[in-house]
Amino acid sequence: MISNRHRGPVAALGRGLLMPVVAALIGAAGMAAARAAAFPLAVEWRLPLPATGRPSALGMAPDGSTAYLAQGDALAAYATATRAPQGLLHLPGRIVALVIAPAGDRAYAALAGRDAVAVISLKPLALLRTLPLPAAPSDLTLDPAGLTLTVASAAAGRLFAFDAADGRRIAAAAVPGRLGQIAANGYGGVFVAVADRGVIAVLDARSLRPTGEFPLPDCARPGGLALDPVGRRLFVACADGGTAVVDTDVGFTFERLAGARAGDARGVYARPTGALGWKGAAFFAGTGATLNAVRMLAFIHYVDGGSLRLPAAATALAYDAARAELWITVAPAAGDPPGSGTLLILGPATAAAAGVHP
Amino acid sequence: MKLIRCLRRWIPPFAAALLSVSGFAHGAALLPWSKLAGARVLLVTGETADAPNDDALVQQHLEALGLRVERTGDAAPAANLAGVALIVISSTADPQRLGTAYARVPVPVFTWNTFDYPHLGLTGPRLHADYDVVEPVQHFAASFSVLYGYGANSTSSLSRAAGLKPQMFGTLYLEPATVGWGRPGPGGRDIVDFNGSRHQSGLFTYERDATLADGRTAPARRVAFYLSDANFHLLTAVHGPAAHDPQLRDWYLGLKLFDASIRWALTPPPPPPHYDPAALDARLSRAARGRKLLFVERIDAGEGRRADEAIVAHLRGLGFEVRIADQMEPESVAAGMDLVIISSTCSKYKLANKYAGVKIPLISLEGLLSDTLHFAGRDRYVDYGEHGEEKESEDPPTRYLDIVGAWSGLAAGLPPGPVPFTLHPGVLKWARPTADAIVVATLPGAPTERAILGYPRGATMADGFVAPARRGLLPLDNPTYDDMTDQAHALFDAMVLWAIGDRG
């Protein structure tokens, strides 16, 4: 376990000597916390990525041992403990989204160039098969049991459902509107943000039968989603800033939190159970080049958790629950080679720095 | 006063147009939103720069419903109400600044400014007794209990429009809530209450001409709602898959209740009935023709025999085909009848529970049957009782009733206030019905002792009994019919006409 508690120059030097990756550039320029006093995470790693393609997706093994980073058609595995590369797999298409199976043995990657989903073995890292699609995929998700894979095609305005066990396509459905991120709960529901209609469309995960919509009052162009499967809360990033918190049992937006504009964002839910000094959190990052947080105070009370400026637009994020670390990839910043990008790893800020009162 | 006189002369063109076009005057349903589009709403708010509020959200919501909303501050109330169809008073307005500014205006008022309720006459003046505000700082536990409301009234047009049922529902989303409640006056209708107490009404209404808590009558419809400054956005609603479940739709009713309350307030009330005994008699004669009426009495009763004969003669004169049944005959004699009237000569003890469940309209002339017939609870002299009966009442004989529901056809067009019911002081009965009753008259000086009331079909009566058909209570003691005033005869006829008007 890496100690992240000291971020001074001496500590940075120490870690730089110990770690195989050179880029332990703590507190990198341009990443000043917009509201540092409250933000629970601080950047502890900054890894420039090679110019092999725009970083597009991140996935985290359920046990937190390995992180997977998609860049162009390549899927790279990193040991989270050491940040050391562990393997690389080239897929037959540009990866636009990635999801890891709950068992940690497989991953699914949406391939834009091939209009397909790649089924990947993670141990060892190998392509098992591809599942053809009639349209270009934009996002995918698995239900928590790993039984049903849902794939969205924003271009076609359609969803596709696959039986994860045998790769059989079991349903398809049109969802009118500009589709954003999708998420699935553990009891048969799949949610998709529909930006231009300002709603969350809800479908049955297996049949893709529409079962209703959640209106999102005062939330412009919803895009990114983060689902708390225990609290049954869906956090929705609003393009006009901030987050809507929806009770997914009843489709009711009970909090509309102000916050920075995350732009066209993706979200991830975190249950740090105290590691960040927080009970729970949702994080959003996207074209707005900020990392925005929602802080859980109770299942019925959430507040704006502040935001952190990023050096460029974020392209993906994943949460490592074992280490309470957030992995983010960002697009090339000004001056970076085209087709490159940066991996940022954020860890818990110190209690003092985060303004947390135990 | 000048403003009020001016407004009284002014018939809102909006309302008049609706009346003429829709013919609503004879219907109870609320106007659809499509017919309310463009109605002008005055939203009265206060300055709450230092605290969050939902006034802007309310305005946005009302505008989304098609209403034209104008904001005005509490410092300059009632400047110009011409053309205003509804006044909405937010709790952000300072009640002391508002004072009685909107109390007498003949424009509907919808308010969640609990501390202003007494100024409007909606409740009495005593904080914690007549009205109160529950909030998490002072009343943390109670601020959760008020997340649960009860559908006290399920038969009013407002309740029906919202789909309110006699059961619990979620008032606001699951956060400790700040809400207001009030104890409605004699003419008020408790729609939603908290904590199992109808004295803690979260939503209550007054029809135009209904008697307010301060003894005045409502100059137009009045609605008191349980909201506070910043929880409009937490009014419950259900979307998505859960919205397909009728049980959940019935639970998440807060926003529907709000909307239905706005619609009810904006819907012009039926024209007030006019006191015209001859016309009433003629209407009843037309309605009675060919109808079969069962009159249940104690045959050969001593006291009251002449009165029973007079009642039967009157009913037959109206055209009813009257069959007289003794109190000991079985309930089956009601088969094929259109209306049952139970005379006050009947012995409660001998009549037992008969006729309580008959599926045709029923009128009881005996208030002491209130428990067996489910008009009121079972605590004699608490839930029902009488004035003027030696050894059974501390209250002296009386000859007056106080009309508190002048808006209802059951009031026969009589004006609000005391009306002579008998020529001589005597025994008059009363009951405390549930919130689903239409209350028309109380005993003088006892606003909670209701003398004339009716339950619509489907109303939840006492003991949770659901009225299978209309039920009416008229407080005649054995010989009273012979001593009734003209006004009382009109009230009798109005009750009969109302009862047989039950078309299911």
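Couple of notes before you dig in:
- For the chain pair B and A, buried accessible area totals roughly 1300 Å², probe 1.4 Å, rounded to the nearest 100.
- Unit charges on C-beta of K, R, D, E only; dipole of the protein assembly as shown, Debye: 2580 debye
- In chain B, a dipole from Cβ-located charges (positive for Lys and Arg, negative for Asp and Glu) runs towards its positive end, and of B:Ala213, B:Ala288, B:Ser145 it is B:Ala288 whose Cα lies farthest in that direction.
- Average accessible surface area per residue within the protein assembly as shown, 1.4 Å rolling probe, Å²: 38 Å²
- From phi via Karplus (6.51, -1.76, 1.60), per-residue ³J(HN,Hα) for the stretch B:352-369 in Hz, x at Gly/Pro: 6, 9, 4, 6, 4, x, 4, 8, 10, x, 9, 10, 9, 8, 10, x, 6, 7
- Estimated FRET transfer efficiency when R0 is 25 angstrom, pair B:Tyr381-B:Arg126 (beta carbons, to 0.05): 0.50
- Share of carbon and sulfur in the accessible heavy-atom surface of chain A [1.4 Å probe, %]: 58 percent
- Taking the helices alone, the protein assembly as shown has a mean residue ellipticity at 222 nm of -4000 deg cm²/dmol, built from -39,500 (n - 2.57) per DSSP H run of at least 4 residues and averaged over all its residues.
- Residues of the stretch A:246-271 buried by at least 50 Å² of accessible area upon assembly of all protein chains, compared with the chain on its own (1.4 Å probe): A:Val250, A:Phe252, A:Phe254.
- Distant-in-sequence amide contacts of A:Ala316, defined by a placed amide H-H separation under 5 Å and a gap of 5 or more residues or a different chain, comprise A:Thr329.
- Measuring nothing but how far apart in sequence close Cα pairs (under 8 Å, 6+ apart) lie, relative to its length, the stretch B:122-199 scores a relative contact order of 41 percent.
- Amide H within-cut-off set for B:Thr92, under 5 Å, with H built and near neighbours excluded: B:Gly46
- For the set B:His314, B:His274, B:His244, the ranking by accessible area, highest first and with no ligand, DNA or RNA atoms included, is B:His274, B:His244, B:His314 under a 1.4 Å probe.
- Proximal charge balance of B:Glu135 [Cβ under 14 Å; K/R count +1, D/E count -1]: -3
- Length-normalised contact order of chain A in % [C-alpha pairs under 8 Å, at least 6 apart]: 16 percent
- Solvent-accessible surface (1.4 angstrom probe) belonging to B:Ile500, in square angstrom, nearest 10: 10 Å²
- Surface calculation, 1.4 Å probe, protein heavy atoms: B:Phe258 sits at approximately 0 Å² accessible.
- Largest mean-square fluctuation among A:Leu216, A:Leu89, A:Leu310, in a Gaussian network model of chain A whose springs join Cα atoms under 10 Å apart, belongs to A:Leu89.
- Cα centre as origin, Lys/Arg/Asp/Glu Cβ charges: chain B dipole, Debye: 1560 debye
- Under 15 Å, Cβ to Cβ, from A:Ala74 - net charge with Lys/Arg +1 and Asp/Glu -1: +2
- For B:Asp308, the accessible area of its heavy atoms, probed at 1.4 Å with every protein chain present, is near 10 square angstrom.
- Candidates A:Val250, A:Val199, A:Val96: whichever shows maximal mean-square fluctuation once chain A is modelled as a Gaussian network with Cα springs under 10 Å: A:Val250
- Relative contact order for the stretch B:37-113: 40 percent, from Cα pairs under 8 Å spaced at least 6 residues apart, divided by residue count.
- Among the lysines of chain B, pairs that are 8 or more positions apart or on different chains and have alpha carbons within less than 22 Å of each other number 13.
- A simple rule links phi to the HN-Hα coupling: the Karplus curve 6.51 cos²θ - 1.76 cosθ + 1.60 with θ = phi - 60°, which for the stretch B:159-169 gives 4, 5, 5, 7, x, 6, 10, x, 7, 6, 7 Hz, with x for Gly and Pro.
- Taken residue by residue and averaged, Cβ atoms of other chains lying within 10 Å of the Cβ of B:241-247 number 5.
- Amide H within-cut-off set for A:Ala57, under 5 Å, with H built and near neighbours excluded: A:Ala70
- Charge tally for A:Gly157 (other residues, Cβ to Cβ under 14 Å; Lys, Arg +1; Asp, Glu -1): +1.
- Each Lys and Arg contributes +1 and each Asp and Glu -1, all at the Cβ; summed about the Cα centre of the stretch B:223-371, the dipole is approximately 380 debye.
- Ordered from largest to smallest accessible area (heavy atoms of protein chains, 1.4 Å probe), the residues B:Asp229, B:Asp214 come out as B:Asp214, B:Asp229.
- Percent accessible area from carbon and sulfur atoms, the stretch B:223-284, protein chains only, probe 1.4 Å: 59 percent
- In degrees, nearest ten, helix B:254-266 long axis to first principal axis of chain B (Cα): 70 degrees
- Residues in the stretch B:137-176 occluded by at least 20 Å² - accessible area, probe radius 1.4 Å, against chain by itself: B:Tyr173, B:Leu174, B:Glu175
- Taking 25 °C and 0.890 mPa s as conditions, chain A diffuses translationally at an estimated 122 µm²/s according to Stokes-Einstein applied to its Kirkwood radius (Cα pairs).
- Projected area, mean over directions - the protein assembly as shown, Cα convex hull, nm²: 42.1 nm²
- Across the accessible surface of the stretch B:60-169, with the other protein chains kept in place and a 1.4 Å probe, carbon and sulfur atoms take up 55 percent.
The values are calculated or read from the model by the stated rules, or taken from the named source; none is laboratory data. Computed from a predicted structure; not experimentally measured. Note that we place each Cβ from the backbone using ideal geometry, even for glycine, and neighbour counts take in every protein chain shown. Areas reflect the complete protein model, heavy atoms only, side chains present, ligands, DNA and RNA absent. Shrake-Rupley method; radii C 1.70, N 1.55, O 1.52, S 1.80 Å.
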